[in-house]
Amino acid sequence: MDDQALQKDEMQEIIDEFIVESSELMDNVIQDIVAIEQSQDEEKVNGIFRAVHTIKGTASFLGFNVLTALAHKGEDLLGLVRKGEMKTDQEVADVLLEAFDLMKLMIEDIRTGGVENHDASSVIEKLAGFLVSKKKNAEPPQEEKKKIGEMLIEEKIITKGELEDVLKKQETETDKMVGEIVVEEKLATEGQVKNTLIKQKTAGKEEQSIRIDVKKLDELMNLVGELVLGKNRLILVNSLAKKEGGGESVLDNLADVTSYVEGITNELQLSVMRARLVPIGKVFSKIPRMVRDLCGEFKKDIELKVEGEETELDRSLIEALTDPMIHIVRNSVDHGVEVPAEREKKGKNRKGLLSIKAYNEGNHVIIDIFDDGKGINLQAVKDKVKEKGLMSEAELASLSTKEAMNLVFIPGLSTAQKVSSVSGRGVGMDVVKTNIEKMNGQAYIDSEEGQWTKLTIKLPLTLAIMRALIVKSEDELFAIPLNMVTELVKLKEGLLKTVDKNEVLVLRNTVIPLMDLQKTFSRKTEEKQGGYVVICNIGEKVVGIKVHSVVGQEEVVIKPLGEFLKNIKGISGATIRGDGKVILILDIPSVILHHNNQKKAYSHLRAVSASAMN
Amino acid sequence: MKTILVVDDSPTIRKLLGYILKKKSYIIAEAEDGLDAMEKLGHVQVDLVIVDLNMPNMDGIEFVKNLRDNYYYMDTPVIMLTTTKDEKLKKDAFDAGVNMFLNKPVQPNFLLYKVESLLGEEEDHG
């Protein structure tokens, strides 16, 4: 590139832009290659071709010659695929993926050092080899024609039966498009077919969007948080003013303004929150490639189904979700789905199924990961737990099937017979669960032995603002995340029992370990009678929190405690209430963890109470 | 001052061309594909168009055909700037009404010179 024509900073800016653009394109391309290996899709092939073409053009402008040469050869090969002169079988997909992986590495080189550091000659040669020797005949691209028919059905212009007739007819008159035949048969007018065709072309057009620096969004979110707090104060002042009386008109005005600000703030909060939401597809996009590679490694044959990529989730959650998802998918491929021969012996389809589905449920996002593999061997899990001395026989016997299933989340447990490079080391499921719980989420597992396993992850939409139960211990206020609270119990005499100096609550024949907020967080230690127990539930674990009184539900904005205080166990942050007071937010998972240390007492009582019941 | 519409699906190329063209203080309008460009042309008066060939939704040749159908843009100079060296596509482009066919990468000063001369021609006639 001519240095005189462009200043250095301008050039750097352009290169930065190129890196962002091309890495994004490459990610999509790699994903699409895996997709077209499964089924040829003209739209996708065109998309890949265009992306590689674009990178080639831009790279040549910027003087990245190795990258240009590689992209050029890749484009040539894709050109054949596009024209239908080559089929994307595994071999072709392999070499294309190799080329694109290398392109990604080079883009990474450019990001870090400004020049390409990889040699592409061997891959280029491979691509060239494919170009000369292997012109395979591709299947006629039926895909698009089919789609027109399907769209016509969707538009309720023709029926399914009619389409089948048309397709049959097309077999004898191969040079005709479905649309033409439909018109000939007078099933639809020419106009209708044309409209549908136009729709088909525009369907792929993406929504309009701009790139925003995450920092800016975070700033906005912080400001909205402050505004929510301001709103809460205004509501408080309004109710105070009402209580103390005053001029009627002033009060009316205040009430007016309060409800106005409340409404606006709520809406603003929602839309800023939505701006931070990212489609979950970002996490899912890596999975097809991973499953493909793992299948190769373990000699398995798996069909991957991904649904609900458009489900949205807060940005920070998306990042934190990547690792657990990778773990889970690896587990399913490695230990879940059996090898084809074994599946056949069991009378299952040779091809295993791995399905990943995301959807919204209220203020939560649910992700289901399902595989039709060998399921969980409940007895093996129980044996392992016993062997490691984590629970006694009596305890294990008292567990429900679902509870027992969720034992796989206990640290240090792996039922895999063999250790492989990717899973079976006994770390994994517990890490998955802790990671998910860190995000205020929950994870459960369900399975039928020999048939299937389903892992469910439940996540909140956002981390920054949540509904909480405000409770009081002595004069101190605390917030408990509302999504974990299952019930409130008013304390009466006889409900509390003491086991090994630990208080527990007996509620409807179950024993719930208790944590007394007063003892844990307050300085005063004098006993006070009465109060409430807040029952909190995370997955299969239950803990009760003893408080003096319950104030009510509130929307709280979570503020981190800062560098010095961030590692306090049991506290996840703080928030500011309407009256300006700072209150602490309890971190229930870590509270439960704390209590697990006293598990022995718990299990002891369980045995005692079980015998007492009989 | 003259306005130039840059049509390319790569934001990097648009930025790059933008920087080059700003040296001669042209006003730059950007569009990411043919469809987008047609829409932009509806409310911006454009003196010259630089267009890529291979783009989603509406490609360069299709776009130029549409452009020439529009009374106001029948004579607007169009430079097609593309990586393609395919002779058939080049012919198609000229048939559609492209004034000049350049291959990427192009030297910035060369591009500026060509833009200037195409705009000058325009003035001589008008």
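The values are calculated or read from the model by the stated rules, or taken from the named source; none is laboratory data. Small disclaimer: the values here were computed from a predicted structure and weren't measured. Cβ: placed from backbone, ideal geometry, glycine included. Neighbour counts: every protein chain shown. Please note that ligands, DNA and RNA were not included when accessible areas were found on the heavy atoms of the full protein model with its side chains. Shrake-Rupley method; radii C 1.70, N 1.55, O 1.52, S 1.80 Å.
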| Projected label distance in nm at A:Arg508 and A:Arg289, using a 7 Å step from Cα toward the beta-carbon | 4.9
| What is the mean number of Cβ atoms from other protein chains located within 10 Å of the Cβ atom of each residue in peptide A:49-58, rounded to a whole number? | 6
| query | Interface B/A, total buried accessible area with a 1.4 Å probe, nearest 100 Å²? | reply | 2300
| How far is it, in nm, from the label point at B:Val44 to the one at A:Glu85 when both lie 7 Å from their Cα along the line to the Cβ? | 3.8
| field | HN-Hα J in Hz across region A:551-556 - Karplus 6.51, -1.76, 1.60, θ = phi - 60°, x for Gly and Pro | value | 8, x, 8, 8, 8, 10
| message | Can you sort A:Thr88, A:Thr112, A:Thr322 by solvent-accessible area, 1.4 Å probe, largest first? | response | A:Thr112, A:Thr322, A:Thr88
| Cα Rg, Dmax, region A:444-493, angstrom units | 17.8, 55
| remark: Taking 0.36 nm per residue of separation between A:Asn253 and A:Glu108 and subtracting their Cα-Cα distance, the length gained on full extension comes to 46.2 nm
| Label B:Lys85 and B:Tyr113 with points 7 Å out from Cα along Cα→Cβ: what is the distance between them in nm? | 2.1
| task | State the extension gain, in nm to one decimal, for the chain segment bounded by A:Glu307 and A:Thr159, taking 0.36 nm per residue of separation less the distance between their alpha-carbons. | result | 50.6 nm
| said: Quick check on my link table: of A:Lys8/A:Lys44; A:Lys300/A:Lys541; A:Lys374/A:Lys458; A:Lys433/A:Lys519; A:Lys44/A:Lys282; A:Lys348/A:Lys388, which ones sit more than 26 Å apart, alpha carbon to alpha carbon? | reply: A:Lys8/A:Lys44; A:Lys300/A:Lys541; A:Lys433/A:Lys519; A:Lys348/A:Lys388
| said: Calculate the FRET efficiency for A:Thr434 and A:Val115 from the Cβ-Cβ distance with a Förster distance of 45 Å, rounded to the nearest 0.05. | reply: 0.60
| request: For A:Gln553 and A:Asn65, calculate 0.36 nm times their separation in residues minus their Cα-Cα distance, and state this gained length in nm to one decimal. | output: 169.5 nm
| remark: Diffing region A:223-237: the Karplus 3J(HN,Hα) column from phi (6.51, -1.76, 1.60, θ = phi - 60°), in whole Hz with x for Gly and Pro, holds 4, 4, x, 4, 5, 4, 5, x, 4, 4, 5, 4, 4, 5, 4
| field | Placed amide H near A:Asp314: partners under 5 Å, 5+ positions off or other chain | value | A:Val278
| note | Within region B:24-90, DSSP-loop trypsin sites (Lys or Arg not before Pro) with at most 16 other C-beta atoms within 10 Å are B:Lys24, B:Lys85
